[in-house]
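The next block holds one structure in the form of structure tokens; read it before the comments.
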Amino acid sequence: MKTKLAILSVLSIVLTACGGSTESAPAQNNDVPVVVQNPADPANAGYYIDGIVYTLVNGALEQQIEDSSTMNVFKLLEFKAAGDINSDGTDDTAVVLLNDSGESGIFYYLGILTSGSTPIIENTTFLGDRIDIKAINFVAGKFEVTYLDRDEETSFDADPNVEIIGIAELDESKTSFNFSCRDTAGICL
């Protein structure tokens, strides 16, 4: 009996010493920004805008603009839609973000957070400057945001009055989004 216990103990030590670790190898640093994607919590997620990841906390982010007393403000608006854009069986989320850099414009973005093992890094698209968001929906496998904008001849001082539907769909490789729009005034070409 003692021999069996001794053999089992030695065998256990050898297997433990030779066995692989269950820990993952450290990720390689390839300078690609990591965007936190949690479709269930867009108020605390990262959004990739103009090459920078902005991470909201409780739906907002305020950053001091370098060499300025002005704040760069990002805010999650109340517009939100859910639908399975990447066909993995779990709803993804589309939201509208507002960016006020303290200058003349107020910029709006469509942000999409996907579920699944492969997050989409470039998860936002610019919608417009000083536009009027009306709705966001999931329609036929795509996210659609309806908003009012201006034609090229209309001043930003005038209220936006041209209805545009911005459309986001996943590309065939399911690695990025294709953005398009449609309207009746010829703004979207």
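Just so you know, all these numbers are worked out from the coordinates, no wet-lab data involved. Since we're looking at a predicted model, the values are computed, not measured. Cβ coordinates were reconstructed from backbone atoms using ideal geometry, including for glycine residues, and neighbour counts include every protein chain displayed.
Among GLU163, GLU66, rank each residue by its count of other Cβ atoms within 10 Å, from fewest to most, as a rough exposure measure. If you can, show how the numbers build up before the last one.
Numbers: GLU163 16, GLU66 7.
Fewest to most other Cβ atoms nearby, the residues stand as GLU66, GLU163.
When the chain is fully extended, how far beyond the present Cα-Cα distance does SER176 get from SER101, taking 0.36 nm per residue of separation?
Full extension from SER176 to SER101 adds 24.3 nm.
Based on other C-beta atoms within 10 Å, arrange PHE138, PHE156 from fewest to most.
The order, fewest Cβ neighbours first, is PHE156, PHE138.
Sorted from fewest to most neighbouring beta carbons within 10 Å, what does the list TYR47, TYR108, TYR54 look like?
So the residues, fewest neighbours to most, are TYR54, TYR108, TYR47.
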